[in-house]
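The structure appears right after this line, and notes come after that.
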Amino acid sequence: TQLLEQSPQFLSIQEGENLTVYCNSSSVFSSLQWYRQEPGEGPVLLVTVVTGGEVKKLKRLTFQFGDARKDSSLHITAAQPGDTGLYLCAGLYSGNTPLVFGKGTRLSVIA
Amino acid sequence: NAGVTQTPKFRILKIGQSMTLQCTQDMNHNYMYWYRQDPGMGLKLIYYSVGAGITDKGEVPNGYNVSRSTTEDFPLRLELAAPSQTSVYFCASGQFNYGYTFGSGTRLTVV
């Protein structure tokens with residue numbers, strides 16, 4: 001079974017703080033995606049990274065794909081209560097195989 | 001665009017009953033997926049389909065069946081429901097590497 005390890009599992013921070021969450025595997029991805037899920041809803045795609053070393057920014061969110069394409073990070077600057085949710089990374093290993101999801105990081109931003 | 005529509009949103013089943021979870025997408029995606037999400041366990045793949053008439057097992061297929069007679073529809077059938085099938089079920093569709101669109105889920109309780 002191919003595994004994606006996400007850390008930390010839970011994170012509770014004050015509004016305005018910065019944070020980084022991580023997604024790691026021992027295998028190489030052809031691409032990696034990040035999703036955010038709010039209570040009672042399905043996950044929503046935030047970003048897809050494809051190239052080793054790639055950095056993508058989405059407002060206050062910065063996504064980085066590791067050079068070896070085995071890991072990724074999500075950095076949030078000046079977190080806001082609206083960032084609260086479950087952040088899931090998902091890796092695509094090859095061909096038509098479905099995405100494999102990590103267990104997620106549950107973020108709570110307190111006003 | 002409605003995206004991915006799942007019905008019902010909630011359901012309570014008695015042990016041994018059967019039901020079908022409906023999933024429809026209007027984005028003309030070839031790929032469709034069924035995941036279940038248990039607390040703290042992330043998303044686990046039940047079945048997937050790469051096109052009409054083609055289905056394949058995921059990580060946790062036991063106790064479930066699927067069919068894909070059209071591009072739009074991908075129903076999930078539960079036969080002889082068991083308490084272990086209590087979960088939130090998500091249907092998703094996608095096109096290879098471009099990320100998945102998820103439905104809002106079906107919360108199933110088996111008592």
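Just so it is clear, none of the values below were taken in a lab; they were calculated from the coordinates. If you're wondering where the values come from, they're calculated on a predicted model, not measured in any experiment. Methodologically, a virtual Cβ is constructed for each residue, glycine included, from the backbone with ideal geometry; neighbour enumeration extends over all protein chains shown.
Condition check ((1) surrounded by 14 or more Cβ atoms within 10 Å (Cβ to Cβ); (2) under 18 Å from residue B:83 (Cα atoms); (3) within 15 Å of the chain's Cα centre (by Cα)) across all residues:
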| residue | (1), (2), (3) |
| --- | --- |
| B:4 | yes, no, yes |
| B:18 | no, yes, yes |
| B:25 | yes, no, yes |
| B:37 | yes, yes, yes |
Hey, does the range B:58-70 have a residue that's touching a residue at least 24 places away in the same chain (Cβ under 8 Å), within 14 Å of chain A (Cβ to nearest Cβ) and of a type in the set (Asp, Glu)? no
Any residue at all in the range A:82-102 that is within 11 Å of the chain's Cα centre (by Cα), more than 14 Å from chain B (Cβ to nearest Cβ) and crowded, with 20+ Cβ neighbours inside 10 Å? no
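Of everything in the range A:1-45 that's of a type in the set (Phe, Trp, Tyr) and buried (at least 20 other Cβ atoms within 10 Å of the Cβ), which residue is farthest from residue A:103 (Cα to Cα)? Spell out how you get there, then give the answer.
Here is the first cut: in the range A:1-45, the residues of a type in the set (Phe, Trp, Tyr) are A:10, A:22, A:29, A:34-35.
This time we only want the ones that are buried (at least 20 other Cβ atoms within 10 Å of the Cβ), so: A:29, A:34-35.
Values: A:29: 17, A:34: 12, A:35: 12 Å.
Among them, the one singled out is A:29.
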Output the residue which, of all residues in the range B:73-103 that are of a type in the set (Ser, Thr, Tyr), buried (at least 16 other Cβ atoms within 10 Å of the Cβ) and closer than 23 Å to residue A:99 by Cβ, is farthest from the other protein chains (Cβ to nearest Cβ). B:87
The range B:1-75: strands (runs of 3 or more DSSP E) wholly inside it with 2 or more residues that are closer than 21 Å to residue A:41 by Cβ are B:4-7, B:10-13, B:19-25, B:31-37, B:43-51
The listed residue being without any contact (Cβ under 8 Å) to a residue 12 or more places away in the chain and within 14 Å of chain B (Cβ to nearest Cβ), out of A:5, A:41: A:41
